[in-house]
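Notes follow the structure.
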Amino acid sequence: MDSLKRWFKYFFRDELSIRHKLVNVILGCALMAQIPGFIVTIVVGTSLLGIITQILMAVVIIVVIYLTNRFPESPLPPILIATVGNIFVFPVMYFLCGGYGTGIVIWMLFGAIFTWLLVDAKWAIVISLVNFVLISGCFHIEKAYPEYVSYLATRNDEITDTSVAFVFVTLIFGLIFKYQTRSYESQARVLKENDEKLRKLNEELEEANVRLESASAAKSSFLANMSHEIRTPINAVLGMDEMILRECTDKQILEYANDIDSAGHQLLSLVNDILDFSKIESGKMELHPVEYELFSVMNDCYNMIFMRAKRKDLAFVVENDPNIPAFLYGDEVRIRQIIMNLLTNAVKYTKDGTVKLIIGYERIDADNIRLLISVKDTGIGISEENKKYLFDSFRRLEEKSNRNIEGTGLGLSITRKFTEMMGGTIEVESVLYEGSTFTVAIPQRVADTGVIGHFDERLNKRNLGAGEGHSKAKQENKENFTAPHARILVVDDVKMNLNVVRLLLKNTEAQIDLASSGDECLKYTLIKHYDLILMDHMMPIMDGIQAMHRVKEQADGLNNDTPIVALTANALVGAQEMYIEEGFVSYLSKPVKSTDLEECLLKFLPEEKIEKAE
Ligand code: ADP
């Protein structure tokens, strides 16, 4: 009994398709049908050929059963069995087992119907057509040449044979249909169960999604807060340090202050990188295209890199195609960040030699160009096997030999992401110990027909041949002005920040009031008119946005129309748009520089209150 069950399980295992299972059913039944057929043949005493044919049939059935179960993927066994049964076995048996008046006709009908259950429609059509021709052929041959048919001995034998065929064919079809119905029912049950499981899984996923979204929102707000919290003290450190750099004459102290300045900026760029990275990760990074002047971007990068290169005794060269359109339309901030990242790396990973920035372009069409930015260095280079890890986040190469060089391993991954977001590409060519060239190509819209000219010539003109580095160049370019009659209100809940702004604006001689809360700000604005208000955002009780709206709506307010600038440590992407949308006239992010503050004054103070130096 056990071995019977095992056989049954084997012939109906899940791995078999329904057709293969049917083949097993039909062949199993055909094999069983052979037994009484065989007995009838012997008892009734048909020809030796008849007996041999029946034995041959049994062998064929066993072989096909074997093939079907040995190659469950193959479509051939069902086709084979339908073809052999209909086209060879049944026609031969027709003549050997008694012809028209016997059970063979029922078996032929069985074969014809069964073909449709076994094989694909197109095979079933072909086999049925041939079958039809053969069956009618058999009938006609019997009619014309009855001597070809081995008739059974008596009419009784024919009736017995027909009855046996009838019973078996009915039984086989009955079994098949029963089996099919059972299979469909059990499949439907499984489908229903799976449906139920999927529904539950979906519910769980949705719940997980909600949890994930709230976790991601928590992460974003954590980042915004962290950015604010870290930027606030850096603002104080860098602001106060700038005062030392400005006012102190002691060489040693100036050196210390310079170190504080560079470490502070390093910390700041680290915070910025981590913020950018988290934004990119959460898919919230957006581009903010504006019209910009390419020279100004190059000039900023030049100013920022010049001193760093000089400190390492590296030559820093900028070359450009003078025919690049001067004004472009794109995300200026990110373009600058890409160039800065590549230049910073070039300086960091080069001990001696030259760092070169080459800016070129390719025309895409009348309105668009591809901006080509190449940064070339004669530094440590990158080995072939390391190139594939270059753009991985938090991955630093040659960690042992580079351990003295600061970095997080985020710069290039951010650079690549920005480049791709702008529809551009980044490539690197590098030879170990000889140097590297990073090339970025970014499509940009042309905003104006003018061309940029030679960067070097323009820089020299601008710096009046200074070539001494950024501080001096900037100092000389800076517009000197005072605004002794201007009234400015600075609002910030951190006293140190208030002091920083006051001190940074000292040279302007403006009259500055300091308010340490939204409430205090409203008290001041009720009694005094200001030409400009610099407002922090995150303050307890009443934040900067609320305070700004209250000032603008103050009844009998003296400052309803005063320009209010957001001065805040919130440096997240999109912050600027948010502040402008709220009603601020501009946005300055902490740590604020004296030059930015002065520029802001020049822009928003009434002209008559600005006194320019001769
Ligand atoms: P990091 O903050 O470590 O500089 P990056 O993502 O900017 O992070 O760079 C990843 C790694 O790629 C660096 O740690 C360094 O090993 C390698 N690398 C980047 N730029 C250069 C370069 N110009 N020359 C040699 N190696 C470089």
Quiz item: When only residues in the range 369-392 that are of a type in the set (S, T, N, Q) and modelled with pLDDT of 95 or more count, which is farthest from the chain's Cα centre (by Cα)?
Solution: 378
Quiz item: Restricted to the range 319-343, and to residues that are under 19 Å from residue 454 (Cα atoms) and either hydrophobic (A, V, I, L, M, F, W, C) or outside the structural domain of residue 458 (by TED's automatic domain parsing) (or both), which residue is nearest to the chain's Cα centre (by Cα)?
Solution: 339
Quiz item: Can you tell me which residues in the range 279-302 are open to solvent by less than 20 Å² (accessible area, probe 1.4 Å) and assigned to a helix (DSSP H, G or I)?
Solution: 294, 295, 297, 298, 299, 301
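Looking at the range 504-524 only, could you name the residues that are open to solvent by 40 Å² or more (accessible area, probe 1.4 Å) and not in a strand (DSSP E or B)?
Step one: filter the range 504-524 for residues open to solvent by 40 Å² or more (accessible area, probe 1.4 Å), giving 506-507, 509, 511, 514, 519-520, 523-524.
Within the range 504-524, 506, 507, 509, 519, 520, 523, 524 meet the criteria.
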Quiz item: So which pairs qualify, if the first residue must be in the range 414-430 and assigned by TED's automatic domain parsing to the domain that holds residue 443, the second must be of a type in the set (Lys, Arg) and open to solvent by less than 30 Å² (accessible area, probe 1.4 Å), the Cβ gap must be under 8 Å, and the two must be at least 6 apart or on different chains?
Solution: 418/334; 421/334; 422/334
Exercise. Being at pLDDT 90 or above and crowded, with 20+ Cβ neighbours inside 10 Å is the filter here, so list the residues in the range 525-544 that pass it.
Key: 525, 530, 531, 532, 533, 534, 535, 536, 544
Practice problem: Evaluate the range 323-336: report whether one residue or more is within 12 Å of the ligand (Cβ to nearest atom) and open to solvent by 10 Å² or more (accessible area, probe 1.4 Å). | Solution: no
Quiz item: What is the number of the single condition among (1) more than 16 Å from the ligand (Cβ to nearest atom); (2) under 21 Å from residue 427 (Cα atoms); (3) not in a helix (DSSP H, G or I) that residue 313 does not meet?
Solution: (2)
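Could you check the range 244-278 and list, in sequence order, the residues that are among the acidic types (Asp, Glu) and either on the phi > 0 side of the Ramachandran plot or assigned to a helix (DSSP H, G or I) (or both)?
Matches in the range 244-278: 247, 255, 259, 261, 273, 276.
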Practice problem: May I ask you to say which residue of 110, 177, 173, 168 is surrounded by 11 or more Cβ atoms within 10 Å (Cβ to Cβ), within 56 Å of the chain's Cα centre (by Cα) and under 18 Å from residue 34 (Cα atoms)? | Solution: 173
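Quick check: anything in the range 197-219 open to solvent by 60 Å² or more (accessible area, probe 1.4 Å) and in contact (Cβ under 8 Å) with a residue 12 or more places away in the chain? Full working, then the answer.
Of the residues in the range 197-219, the ones open to solvent by 60 Å² or more (accessible area, probe 1.4 Å) are 197-207, 209-214, 219.
Next, only the ones that are in contact (Cβ under 8 Å) with a residue 12 or more places away in the chain stay: 219.
Scanning the range 197-219 turns up at least one residue that is open to solvent by 60 Å² or more (accessible area, probe 1.4 Å) and in contact (Cβ under 8 Å) with a residue 12 or more places away in the chain.
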Practice problem: Give the residue, chosen from 127, 141, that is among the β-branched types (Val, Ile, Thr), open to solvent by less than 60 Å² (accessible area, probe 1.4 Å) and either in a helix (DSSP H, G or I) or out of contact with any strand residue (DSSP E or B) (no Cβ under 8 Å at 6 or more places or on another chain) (or both). | Solution: 127
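The values are calculated or read from the model by the stated rules, or taken from the named source; none is laboratory data. Note that the structure is predicted; figures quoted are calculated from it, not measured. In this analysis, Cβ positions are derived from the backbone assuming ideal geometry, glycine residues included, and neighbour counts consider all displayed protein chains. Protein only, heavy atoms only, side chains kept; ligands, DNA and RNA dropped before computing areas. Shrake-Rupley method; radii C 1.70, N 1.55, O 1.52, S 1.80 Å.
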